[in-house]
Amino acid sequence: MRLALERRAVLSLGANLGDRLATIDAAVRAIDAIDGIRVLERSSAWESPSWHPDGEGLTPDYVNVVAIVATTMEPLDLLDALHAVEAALGRVREERWGPRTIDIDIVAMGRIARAEDRLVLPHPRAHERQFVLQPWLELEPDAELPGYGPIAELAEYADGDAWRLP
């Protein structure tokens, strides 16, 4: 019998349709229920304006959280599991940057660096997104985004707004 090693992964969850916070809560519960994944921590909810190439505010604002998980899965298996959670919660992939019931991204997975068609790790835009950096900073103030540096420093310079919900 071979024991699988757990890796820590940072996930970013966002929703801007329907009951955004209830959907994120359901997603976190669904992720924690998957064999091979344990949710270790979850940030409080943060809100951020939606972004679209044609301008901000064209779709409703997002609610965002960051979850730290431990997983025995390989990166693409984790991605597939997260896509299954999105689908179960009504995610439809019709329009890039369009509104969505739920979006779950793998921000980082240990120190893994990879660039493939389906998955780039660490997430190629995480270092410039306040809605990822601020909730992650809340959980792990000393964390580093592999290849980019301390998230506290990245948050100082990243564009955009994110504010903690009461």
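The values are calculated or read from the model by the stated rules, or taken from the named source; none is laboratory data. Only a predicted model underlies this, so the values are computations on that prediction, with no experimental measurement involved. Because the Cβ atoms are built from the backbone with ideal geometry, glycine has one as well, and the counts that use them run over all protein chains shown.
Remarks
- Test: residue in region 64-72 that is assigned to a helix (DSSP H, G or I), surrounded by 14 or more Cβ atoms within 10 Å (Cβ to Cβ) and modelled with pLDDT of 95 or more: no
- Remark: E116 falls outside the filter, which requires a residue to be closer than 19 Å to A45 by Cα, at pLDDT below 95 and surrounded by fewer than 18 Cβ atoms within 10 Å (Cβ to Cβ).
- The selection criterion, being modelled with pLDDT under 95 and under 24 Å from P150 (Cβ atoms), does not hold for R91.
- Residue in region 18-28 that is among the small types (G, A, S) and in contact with a strand residue (DSSP E or B) (Cβ under 7 Å, 6 or more places away or on another chain) present: yes
- The listed residue being more than 25 Å from D19 (Cβ to Cβ) and in contact with a strand residue (DSSP E or B) (Cβ under 8 Å, 6 or more places away or on another chain), out of E144, E116: E144
- Number of residues in region 56-89 that are charged (D, E, K, R) and touching a helix residue (DSSP H, G or I) at 6+ places or on another chain (Cβ under 9 Å): the value is 2.
- Scanning region 1-53 for residues that are touching a residue at least 12 places away in the same chain (Cβ under 8 Å), in a helix (DSSP H, G or I) and surrounded by 15 or more Cβ atoms within 10 Å (Cβ to Cβ) gives R20, T23, I24, A26, A27, V28, A30, I31.
- Failed item, numbered, when I104 is tested on (1) farther than 12 Å from A9 by Cβ; (2) among the β-branched types (V, I, T); (3) at pLDDT 95 or above; (4) crowded, with 16+ Cβ neighbours inside 10 Å: (1)
- Within region 97-118, the residues that satisfy the criterion of being part of a strand (DSSP E or B) and touching a residue at least 24 places away in the same chain (Cβ under 8 Å) are D103, I104, D105, I106, V107, A108, M109, R114.
- Filter result (crowded, with 18+ Cβ neighbours inside 10 Å and in a loop (DSSP other than H, G, I, E, B)) within region 73-93: M73, L89, R91
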